[in-house]
Amino acid sequence: MRIFKRNRAFTFIELIFAIVIIGILAGLALPRLSHTIEKSRIAEAVNILQTLRDAQEVYNLENGVYTAVPDDLDVTIPVSKNFLAPTTAAANPIASIERNAGGYQYTLTIDADGTVSCGGTENPANICATLGCSGGTCN
């Protein structure tokens, strides 16, 4: 009597199902990863804004007003590849920085009291809320 061994291989249908499941999982994970990366970029921008706020406070103590000219401040802000050059203002908000790349378009601002706010040109509440800035204010 002859005994046949059964081949132990995946069928084409099983491979297709595995690929579809992997595709669905990747489709769910990639947007979350993208937002996580963008949140780290926001942390970079908030750090820049805090530095500008501190420099604005020093300038205000010395001159009695805030400056709209970043070169007047005694601070060097490194060039960011994620954001445009930050700007300063003589009134609230005293500094701002803008992102317009990677599908994200928003501006972060900081007031004299240290409140960082987020606003976008296209549906700002949605962009800011997606990035973790509830009510337009980032913590």
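The values are calculated or read from the model by the stated rules, or taken from the named source; none is laboratory data. Treat the numbers as computed from the prediction; the structure is a model and nothing was measured. Ideal geometry is used to build each Cβ from the backbone, glycine not excepted, and the neighbour counts take in all protein chains shown.
Suppose the filter is among the aliphatic types (A, V, I, L, M) and loosely packed, with under 10 Cβ neighbours inside 10 Å; does residue 9 pass it?
Yes, satisfied.
In segment 1-47, how many are more than 32 Å from the chain's Cα centre (by Cα) and at pLDDT below 80?
Of the residues in that region, 10 qualify.
For the subset of segment 78-91 comprising residues that are surrounded by fewer than 13 Cβ atoms within 10 Å (Cβ to Cβ) and closer than 19 Å to residue 119 by Cβ, which member is farthest from the chain's Cα centre (by Cα)?
Selected residue: 91.
Conditions (1) in a helix (DSSP H, G or I); (2) surrounded by 10 or more Cβ atoms within 10 Å (Cβ to Cβ); (3) acidic (Asp, Glu); (4) touching a residue at least 40 places away in the same chain (Cβ under 8 Å), marked per residue:
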{"position": "16", "(1), (2), (3), (4)": "yes, yes, no, no"}
{"position": "46", "(1), (2), (3), (4)": "yes, yes, no, yes"}
{"position": "57", "(1), (2), (3), (4)": "yes, yes, yes, yes"}
{"position": "65", "(1), (2), (3), (4)": "no, yes, no, no"}
{"position": "68", "(1), (2), (3), (4)": "no, yes, no, no"}
{"position": "76", "(1), (2), (3), (4)": "no, no, no, no"}
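What is the one condition in (1) of a type in the set (A, V, I, L, M, F, W, C); (2) part of a helix (DSSP H, G or I); (3) surrounded by 13 or more Cβ atoms within 10 Å (Cβ to Cβ) that residue 61 does not satisfy?
The number of the failed condition is (3).
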